[in-house]
Every structure is written in structure tokens, then in C-alpha cells.
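The values are calculated or read from the model by the stated rules, or taken from the named source; none is laboratory data. The shown structure was predicted, so the numbers you read here are calculated from the model rather than taken from an experiment. Because the Cβ atoms are built from the backbone with ideal geometry, glycine has one as well, and the counts that use them run over all protein chains shown. Just the protein is used for accessible areas: all its heavy atoms, side chains included, with ligands, DNA and RNA removed. Shrake-Rupley method; radii C 1.70, N 1.55, O 1.52, S 1.80 Å.
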2 protein chains.
Amino acid sequence: MQFASKLIEEAVTEISRLPGIGKKTALRLVLFLLKEEKAITQALSHALQNMRENIRYCDVCHNISDTPICTICTGHRRDQSIICVVEDIPDILAIENTAQYNGLYHVLGGIISPMEGMGPGELNIESLVNRIATANPAVQEIIFALSPTMEGDTTAFYLTKKLKAFALKTSTIARGIPIGGELEYTDEITLGRSILSRIAYDGK
Amino acid sequence: MQFASKLIEEAVTEISRLPGIGKKTALRLVLFLLKEEKAITQALSHALQNMRENIRYCDVCHNISDTPICTICTGHRRDQSIICVVEDIPDILAIENTAQYNGLYHVLGGIISPMEGMGPGELNIESLVNRIATANPAVQEIIFALSPTMEGDTTAFYLTKKLKAFALKTSTIARGIPIGGELEYTDEITLGRSILSRIAYDGK
């Protein structure tokens, strides 16, 4: 694509670095900003820079936070005895949106994946162990909410071994057919798993 | 959606003002920027601001330009006797990408639309008339490349009347079935028009 202006070209190049945004979409966004007031562009670029420069992470759970310890970790109504281990920050948002969980979180910042050179050393595992060791009141349950992939299972397995000494209840979120999904079109691995992990009607 | 940080919330709000980008996509972009180096965010916000602050438009055709007169208007290989009238800047890019046109352009900056309060006074029509009146070498042909809508047709009609005195050749880009389109699935108005505007095989 040929642009009539270096300024446009630079803006398009920078915007199209973002995931899922190609040159055409980037150009559409640029032309939108040109049509709007200057203040819109100023507010946008200021918000981005401010966010990137000043963002902080919770010292305890590594979630995004404006304070040294995040509002979930300090929440009085939060059940301090359960920690849900997630791969990354969007997972917390997804779980919070379900309104079905009231415990704490721990963000690993990734998942064990030798293919991508991601070992346990790169993840927030030490801080999880320390946290459980020093928690008061004591942590009683760990829920692994990791991706249902080999990497996710490996990470859960590694952590289970690592946390053995604490004699905690550990579990993983259920895998099965999604609600609203059609049995007929569910892949055989998921369907097979959902039979093996069937849930008895007495709730156990 | 609840965010753990005001900074994230502000950035998401600003990004989701952009067309076609909702809160979820905005959050994905924000989390991407957080994972990447700070330099990426800096370059992005700098490019946006620089573009918005310093953008200029060609004095002649109103296209985007880094110089007072754009590279198309000053192009030595451009046919100065034809002007293609378009609604907005992306239209120029679209036509340039076809590599089928070698004349000049004129950006109206909109289209006559009483419904949206867009009258001829809001458009770059005076400058088109002046341009044709003073052009040297003289302009001989005007092509209207406007949307095939009632507003587009109205605008072309208005301009044709306005330019009558100059005794120019005027034309509109062809409307018909798109190349690669299926006759069967073409809407009846387009198909009807394409029969009325049929093109004889001798090329006339």
C-alpha cells in the first residue's frame, strides 16, 4: 500500500503491530482519528503511555493493580483459604465475570512449555510456594484453572508435586462438553473425558 | 467489565472509541502492549500524536500530504487534464491501488446528504470550480467516483450542473455486476442497471 504521507505511514505501521490489526484496519483507524477532534487522539495516546509507564502488579498474586497489593487480595469478603492458579491476567477477568468464585488468585505469568523455552523458573512459582507457606489464615485449597492442553496439564502436575508438602486439597476446573454445545459435534477427546469425569446426580 | 486498575480502564475506554473495536478487543490490545517492551507503546502513541498534530492536506486536491501540494498533483507523469472527484481520502488509495488511473483527484470531503445536514457548502466544491477555471493546461475531463447511492448520484448531478459552463467531458465510474460475482445472486437493481448500461463489444 502506498501512502501520501510519511506521518500516516508511520501511524499505520505502529498500529498494525497490534494483534489482529492489519494495514487496512490500521488505515481505517488512522482516518477515523483524522476526522475526529485532536483531543480524541491526545487522550488515546496519553492513556496508552500512562498505562504502560505506571502499571503495577500486585506483590502477592501478580494481578494488575494500582496499589502494592490488589483489591482482590485485600478484599474482606474474599475467601482467603482458596487460591485459583491461572496462566495470565485475562483469565482472572474471565473468572471474575462468572461471579462463581470468591477466593484469591495467583497469576503464573505463563505455562510450562519446553517448546517455547518456558520452564518453571520463568513462572511465579516460588512466590506461590512462599505465599502458601506463610499464609495466615492458612490456605486450604488450590484450584488449577489452566488451559486444557498438554502444557496446562504438565504445569498442574508440576505444581501438585511442588505443593505436596502442604497437604492441600487440589483440583482442576472441569473439562467436558460446553453448556449449549451439541453432543454430536463435540470432539471425541472432550466427549471421552466428559464420560470418564462424569458427575453423579447426588452432587459428588 | 470490572478492571483491577484505573490505568487499564482508561486505556480500554480510549481504545474502544475507535470504530469496530469493543471493550474486549481493547483489553486484548492493552494486555498485548503490557507484555511487549515499553518502546512499542511509546512508538505507537508518539506516531498517533505526531500524525494528528502535523498532518496537512494538499492545497489543490485536499488529499493528505506532507507538502503544501501533494505528490499526485505535482507528479510529472500524471495526466493533468483529468480530475477524478471522490468523496474521501480512502477512495484515492483504493483507486491508486488499481493502477488503472493516471489523472488527478479532488476530495470533496463528503457527499451531499440533507439527512445528515451535509449541504454543498460543506464540501470542497468552490475549490474544484476555481481549480478548473484556472487550470493550466486546461482540464478536459471529470470522472465522478462516488458511491452508487442516492446521495452519490445527487452530488454528481449537482456538480455536473455547476460545471456546465466549462464544457467538460463528464462521466461516472461504471456500475454493474462485480467481477467474480455470480449473476444469480446479484441484486435486481444492480443487474437491471448493468443491462441498461451494457457495453458494446466494439468498445463503445
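Chain B's nearest residue to the axis relating it to A, judged by Cβ and reported with the distance in whole Å, is B:SER45, 2. Between amide H atoms placed 1.01 Å from N, distances below 5 Å from A:TYR57 occur with A:SER65, all of them 5 or more places distant or on a separate chain. Geometric descriptor of the protein assembly as shown, per residue, is 237 Å³ (volume of the convex hull of the Cα atoms). Reported to the nearest whole Å, the Cα centre-to-centre distance from segment B:79-115 to segment B:1-74 is 25.
A helix-only calculation puts chain A at -12000 deg cm²/dmol for mean residue ellipticity at 222 nm, using -39500 (n - 2.57) for each DSSP H run of at least four residues, averaged over all residues. Our coupling estimate for segment A:21-26, obtained by passing each phi through the Karplus curve with A = 6.51, B = -1.76, C = 1.60 and θ = phi - 60°, is 10, x, 4, 5, 5, 4 Hz, Gly and Pro reported as x. Lys and Arg at +1, Asp and Glu at -1: add these up for the other residues within a Cβ distance under 14 Å of A:ILE40 and post the number. Taking every other residue near A:ILE40 into account, the sum is -1.
Here the dipole of the protein assembly as shown is about 300 debye; that uses its Cα centre as origin and unit charges on the Cβ of Lys and Arg (positive) and Asp and Glu (negative). The charge dipole of chain A, taken about the Cα centre with unit charges on the Cβ atoms of Lys, Arg (+1) and Asp, Glu (-1), comes to about 220 debye, rounded to the nearest 20.
Per residue of B:7-13, other chain Cβ atoms within 10 Å of the residue Cβ number 6 on average. From most to least packed by mean Cβ count within 10 Å, the peptides A:4-17, B:158-171, A:22-35, A:150-163 give A:4-17, A:22-35, A:150-163, B:158-171. Take B:ALA43, push a point 7 Å out from Cα through the beta-carbon direction, and compare it with the same point in every other copy: 2.8 nm, smallest first. Under a 5 Å amide H cut-off, with hydrogens placed 1.01 Å from N, B:TYR105 pairs with B:CYS84 among residues at least 5 apart or on other chains. Based on every Cα atom in segment A:6-54, Rg and the maximum pairwise Cα distance Dmax equal 11.2, 31 Å. For A:ILE179, the point set 7 Å out from Cα toward Cβ sits 5.2 nm from its twins in the other copies, listed from shortest up. Does segment A:147-204 come out rounded, prolate or oblate, given a ≥ b ≥ c as the square roots of the eigenvalues of its C-alpha gyration tensor, rounded meaning a/c under 1.5 and, failing that, prolate meaning a/b above b/c? Taking the square roots of the gyration eigenvalues as a ≥ b ≥ c, segment A:147-204 is oblate. For a 22 Å ceiling on Cα separation, which of these pairs sit above it: B:LYS6/B:LYS38; A:LYS6/A:LYS35; A:LYS6/A:LYS38; A:LYS38/B:LYS24? Pairs exceeding 22 Å: A:LYS38/B:LYS24.
Structural descriptor for chain B: relative contact order 13 percent, calculated from alpha carbon pairs under 8 angstrom and at least 6 residues apart.
Summed over both chains, the contact between A and B buries some 5000 Å² of accessible surface at a probe radius of 1.4 Å.
In chain B, a dipole from Cβ-located charges (positive for Lys and Arg, negative for Asp and Glu) runs towards its positive end, and of B:ALA11, B:LEU123, B:THR186 it is B:LEU123 whose Cα lies farthest in that direction. Sequentially through segment B:137-151, phi angles give Karplus couplings (6.51, -1.76, 1.60; θ = phi - 60°) of x, 5, 6, 10, 9, 10, 10, 8, 10, 10, 4, x, 10, 4, 4 Hz, Gly and Pro residues having no value and appearing as x. Using θ = phi - 60° in the Karplus curve 6.51 cos²θ - 1.76 cosθ + 1.60, the 3J(HN,Hα) couplings for segment B:46-58 round to 5, 4, 5, 5, 4, 4, 5, 6, 10, 5, 10, 10, 4 Hz; x is entered for Gly and Pro. What chain B shows is 59 Å² of accessible area per residue, with the surface traced by a 1.4 Å probe over protein heavy atoms.
Computed on protein heavy atoms with a 1.4 Å probe, the accessible areas place A:GLU141, A:GLU188 in the order A:GLU188, A:GLU141, largest first. If both residues of a DSSP beta bridge must be in segment A:78-173, then about 5% of such bridges are antiparallel.
Remark: relative contact order (segment B:64-173) = 27 percent; criterion is Cα-Cα distance under 8 angstrom and separation of 6 or more residues. Shielding of peptide B:89-101 by partners, expressed as the average count of other chain Cβ atoms within 10 Å per residue Cβ, is 2. Projecting the Cα atoms of A:ASN63, A:ILE173, A:GLY75 onto the charge dipole of chain A, computed from C-beta unit charges around the Cα centre, puts A:GLY75 farthest toward the positive end.
Amide H contacts under 5 Å for A:SER5: none, restricted to partners 5 or more places along the chain or on a different chain, H placed in the peptide plane at 1.01 Å from N. Globularity index of segment B:64-173 is 1.03 (Cα radius of gyration / 2.2 N^0.38 Å, N = number of residues). Restricting segment B:45-144 to trypsin sites (Lys or Arg not before Pro) that sit in a DSSP loop and have at most 15 other Cβ atoms within 10 Å of their own Cβ leaves B:ARG77. Modelled label positions at A:ALA200 and A:LYS23, each set 7 Å beyond Cα in the direction of Cβ, lie 6.3 nm from each other. Over all pairs of different C-alpha atoms in chain B, the reciprocal of the mean inverse distance, the Kirkwood hydrodynamic radius, equals 20.5 Å.
The fraction of accessible area contributed by carbon and sulfur in segment B:64-173 is 57 percent, rounded to a whole number (1.4 Å probe; ligands and nucleic acids excluded).
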